[in-house]
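The values are calculated or read from the model by the stated rules, or taken from the named source; none is laboratory data. Note that the structure is predicted; figures quoted are calculated from it, not measured. Every residue, glycine as well, gets a Cβ built from its backbone with ideal geometry; the counts of neighbours run over all protein chains shown.
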Amino acid sequence: MSTDAEGELAIETEGDIVATRHTVREVALALGFGITDVTRIVTAASELARNVYKYGGGGIVRWRRLGSRERSGIELQFIDQGPGIPDISKALEAGYSTGQGLGLGLPAARRLMDELEIRSDPGQGTCVTLTKWRAH
Amino acid sequence: MANGKQASVTTPVPRVPTGEAELLQLLIDNVTDYAITMLDPKGIVITWSSGGERLKGWKADEIIGQHFSRFYPPEDVAKGKTDHELRVAAQNGRLEDEGWRVRKDGSRFWANVVLTCLRTNNGEIRGFGKITRDLSERREAEEKIRKQTQEILEMAAVPVVQVWEGIVLVPLIGTLDSQRTQQLMERVLNRVTETNSPVALLDITGVPSIDTQTAQHLIETTAAVRLLGAEVILTGVRPAIAQTLVHLGIDLSSVTTRSSLSAGLRMALEALKLRVVPAPVGA
Amino acid sequence: MGPETLSVIKIKEILVVTLPSDPDDSTVAALQEKVLVEMERHQAKGVVLDVSAVETLDSFFARTVTETAQMIGVMGGRTIVVGMRPAVAITTTQIGLALGSIETALTVDRALDRVMLASSTTLESFQ
């Protein structure tokens with residue numbers, strides 16, 4: 001499974017957060033990331049998966065191996081059809097909580113990954129894309 | 001191996017006086033880095049050597065009489081690679097190729113092969129000389145050197161030394177960019193964990209200048225080491241650095257600092273409840 | 001030890017709690033409950049949290065650990081976190097979670113020494 005180029009996992013139950021961590025760990029290790037980077041990637045994935053489960057009303061995570069001759073990478077996409085994030089820049093500030101408790105998840109993920117992109121609108125759901133690279 | 005008196009069949013050179021033929025055979029037998037083989041015009045193996053046995057695994061009586069496509073991966077044989085090679089060698093006099101070859105046990109190795117077409121005086125093809133060299137060892141050796149060089153560079157970039165039981169020292173030289181900080185944090189923390197050292201001395205005597213980013217990195221490293229259960233002492237904080245830090249408004253209150261490495265070392269020893277005392281006279 | 005199993009051992013008046021490598025959120029929450037209950041049951045002076053098996057410490061887990069330490073403090077106990085993995089420490093620091101002012105030690109032995117040494121002088125410090 002970890003040697004596939006891409007995959008998808010449902011995040012519908014609390015157990016799926018653990019499953020996400022497990023799968024992401026396998027993929028990151030297979031891509032050759034060192035243990036510290038693997039820990040960063042898995043931690044970021046855990047934060048986002050919890051957001052999807054707790055505040056997004058459930059959703060999915062899509063993972064994808066990226067690569068060229070010079071570098072390899074992992075791309076994670078967390079998608080839900082939940083209430084959306086009203087103020088994205090505020091959500092990225094450390095410690096911010098919408099009252100729905102997004103808290104530290106997004107700022108943490110942003111610090112740990114190389115790239116983070118959010119598409120979200122109230123009533124439109126949320127899609128967060130995380131990327132981390134490893135030079136060869 | 002055919003006896004040495006069959007000079008014109010076993011030597012790779014067509015016309016050679018008999019006495020030297022034995023010497024040449026001796027040479028071929030003793031060269032182990034290369035597999036030197038003779039093929040007949042159709043590609044059948046007619047001579048073998050110790051180099052061939054060492055490289056490809058076949059003993060002489062197992063391989064003489066077989067076609068040289070035995071040495072090629074099945075996909076190459078299917079493509080007609082061996083016929084093609086003989087044709088080109090016959091046409092051009094020689095052919096040089098680098099590619100995968102197969103040993104007796106089925107394992108593959110990367111090889112450099114030179115096929116030389118051997119003709120009699122009237123132009124008839126007498127056979128082919130084949131010299132095979134195993135490049136995989138060279139490749140592995142190159143890879144090993146590359147890795148070792150990288151390790152040495154990494155260690156030189158962030159040397160971590162255990163100066164005493166329980167004290168780890170990191171003498172930093174040069175500036176600290178993000179990448180070096182990553183290496184620093186990983187190496188220091190791993191060493192602290194491996195050796196259960198409660199004190200890590202980060203010595204910045206060799207760091208020429210300090211900017212906000214470097215200071216942040218040092219603070220981060222200190223915080224991480226603390227999470228492990230050890231303490232950091234930042235040593236070698238020279239007056240110029242101290243001035244810069246204050247001017248930049250960097251808050252180092254969470255970090256213990258000392259102006260010299262020896263002062264830091266003394267503090268580390270105290271923390272471990274150790275004291276350095278003069279040895280008794282005459283000891 | 002499975003990824004979910006939590007173990008609690010009592011050594012003298014100290015609880016040594018070994019955390020599992022990858023607990024789900026419910027287990028993390030239950031951990032807090034269990035530690036406090038055990039602490040009361042044994043009248044423990046302190047709790048040593050062994051995190052050497054923990055592979056991922058995200059903000060939820062870290063927050064629970066910090067809160068638990070605070071609650072132990074309110075109950076008059078001391079908390080020491082032991083054996084954090086380098087990769088976890090680096091990640092936690094990068095997020096800025098540094099677990100507040102929580103105490104840490106390199107090994108369970110040292111943590112036990114520290115708590116026991118302190119408790120033997122506790123009364124003196126009040127005089």
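Residues that are in contact with a Ser or Thr (Cβ under 7 Å, 6 or more places away or on another chain), farther than 26 Å from residue A:135 by Cβ and not polar (S, T, N, Q) do occur in region A:4-12.
The set of residues from region A:31-70 being touching a strand residue (DSSP E or B) at 6+ places or on another chain (Cβ under 8 Å), hydrophobic (A, V, I, L, M, F, W, C) and not in a loop (DSSP other than H, G, I, E, B) comprises A:41, A:44, A:45, A:48, A:49, A:52, A:60, A:61, A:63, A:66. The set of residues in region C:52-75 being among the hydrophobic types (A, V, I, L, M, F, W, C) and more than 13 Å from chain A (Cβ to nearest Cβ) consists of C:53, C:65, C:69, C:71, C:72, C:74, C:75. Within region A:28-57, no residue that is at the interface with chain C (Cβ under 8 Å from one of its Cβ atoms) and without any contact (Cβ under 8 Å) to a residue 12 or more places away in the chain sits with its Cβ atom under 6 Å from a residue that is of a type in the set (A, V, I, L, M) and in a loop (DSSP other than H, G, I, E, B) at 6+ positions apart or across chains. One residue stands out in region B:36-91 among those that are in a helix (DSSP H, G or I), in contact with a Gly (Cβ under 8 Å, 6 or more places away or on another chain) and of a type in the set (Ser, Thr, Tyr): the one that is surrounded by the fewest Cβ atoms within 10 Å (Cβ to Cβ), namely B:69. Would you please name the residue that is nearest to the other protein chains (Cβ to nearest Cβ), looking only at residues in region B:199-231 that are closer than 14 Å to residue B:170 by Cα and touching a residue at least 40 places away in the same chain (Cβ under 8 Å)? Selected residue: B:221. Residues that are out of contact with any Leu (no Cβ under 7 Å at 6 or more places or on another chain), within 20 Å of residue A:105 (Cβ to Cβ) and within 13 Å of another protein chain (Cβ to nearest Cβ) do not occur anywhere in region A:64-80. Consider only pairs whose beta carbons are under 7 Å apart and that are at least six residues apart or on different chains; among these, list those whose first residue lies in region C:86-97 and is facing chain B (nearest Cβ under 7 Å) and touching a residue at least 12 places away in the same chain (Cβ under 8 Å) and whose second residue is crowded, with 24+ Cβ neighbours inside 10 Å and assigned to a helix (DSSP H, G or I). Pairs that qualify, where the first residue is facing chain B (nearest Cβ under 7 Å) and touching a residue at least 12 places away in the same chain (Cβ under 8 Å) and the partner is crowded, with 24+ Cβ neighbours inside 10 Å and assigned to a helix (DSSP H, G or I), are C:92/B:227. Within region B:112-151, the residues that satisfy the criterion of being without any contact (Cβ under 8 Å) to a residue 60 or more places away in the chain, assigned to a strand (DSSP E or B) and closer than 14 Å to residue B:100 by Cα are B:112, B:113, B:114. The sole residue among A:69, A:62 that is modelled with pLDDT of 95 or more and more than 27 Å from residue C:85 (Cα to Cα) is A:62.
Against the list (1) in contact with a helix residue (DSSP H, G or I) (Cβ under 6 Å, 6 or more places away or on another chain); (2) within 11 Å of another protein chain (Cβ to nearest Cβ); (3) crowded, with 20+ Cβ neighbours inside 10 Å, the condition residue A:18 fails is (1). The lone criterion from (1) of a type in the set (Val, Ile, Thr); (2) within 11 Å of the chain's Cα centre (by Cα); (3) surrounded by fewer than 20 Cβ atoms within 10 Å (Cβ to Cβ) left unmet by residue C:11 is number (2). Of the listed requirements (1) in contact with a helix residue (DSSP H, G or I) (Cβ under 8 Å, 6 or more places away or on another chain); (2) within 14 Å of chain B (Cβ to nearest Cβ); (3) surrounded by 19 or more Cβ atoms within 10 Å (Cβ to Cβ), residue C:100 misses just one: (3).
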